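Values in this text are rule-based calculations from the coordinates and carry no lab data. Everything quoted here is computed from the prediction, not taken from an experiment. Cβ atoms come from the backbone with ideal geometry, glycine included; neighbour counts cover every protein chain shown.
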Amino acid sequence: MAEDTQIQDPTQQTPAVGQAEGGLQALTQTEGTSVTEPVATPSEEPPVAAGAEGEGEGAAAADDGEPPKPTRADRQWARLRQERRDLRTEVERLRQENEMLKKAPAAAAPQEFKPEPFTKPQPKVDDFEKEADPWAAYQIALGEYGAEKRLHDAEQQRKRADFEAQQAKRAEQQQAAARTAAEQWAMKRDAFVKDHADWEDKMEDLMDEVGRDLPPHLQYALIESEVGPAVLYHLADHPEEARKVMAMTPGRAAIAIGRIEAQLEAERKAQKPKAPPPNPPAVVKPSAPRSQASGDAGNFREYKARREAEMRRQSA
């Protein structure tokens, strides 16, 4: 995995495909990915603790129908292997972060400041032969020439300082953009991996098919894409298409990536479950109408009672 690879803007000049080494591996490996475990050579025998030989004999004498129990030496060797894997994983994670910081769009090579030349010719004594006092006229012209040249040199120094300040600011912005791009890619990739447990296997298959070298313009397009990990996963499922995209020019590769994005979006919408139909409006049943006869009878009794009470008050 080379550390000189940089992702370049497709509008800028990009190096040949072979110059970007390990680009695909840097994009595909997650934070917890460990490197390939080396096979132990015959000289790498596990350490044998005291009493391990006896345990080994006991395991050999176990019933053939049951798996042998791990011995103390087996457990110790497994622990050492796990510690080695964890250490390699941490080293690989740091290497990936360092590479992603270098894979921002590379700007043009820094330009050197070119000062403007002072074009006014230096006066000569022969230029003032017709003057009344040639030497005095020459000294005056020479003084003016020196003053103008000093002003010109001071102006060029100021422009040089401004140019260097702009170069430093541009470099700082590029580094910030590189860090932001690396962080955004890691977030998108980790979110995608949560729903695709076979990510590592797919990426290993892809690297076996197309190699670990990814053109810088393709790295840039994948990082800039909102669904870059999904596009990479799609290319892993279609190795022939992946090889074609890798052989394309930056412009055609960008068009191909956009076409894959549209295809994935259409598939996502097609797989989206349809909302259930809305519930029909509830039907309110009208209550039974009140009997008119009972209503009239009740009103008459109330009227009769009020009328009798009023007549009693008047007669009192």
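Diffusion coefficient (Stokes-Einstein, Kirkwood radius over C-alpha pairs, 20 °C, 1.002 mPa s) for the stretch 163-220: 152 µm²/s, rounded to a whole number. If the reach is capped at under 26 angstrom between alpha carbons, list the lysines near K269, excluding any in the same chain fewer than eight residues apart. Partners found: K188, K194, K202. Each peptide in 193-203, 124-134 was scored by the mean count of other Cβ atoms within 10 Å over its residues; highest first, the order is 193-203, 124-134. Remark: spin-label model distance A161-D237 equals 6.1 nm, labels positioned 7 Å along the Cα→Cβ axis. Per the Kirkwood formula applied to alpha carbons, the stretch 106-216 shows a radius of gyration over Rh ratio, Rg over Rh, of 1.49.
Annotation for R85 and E112: the two label points, set 7 Å from Cα along the Cα-Cβ direction, are 5.4 nm apart.
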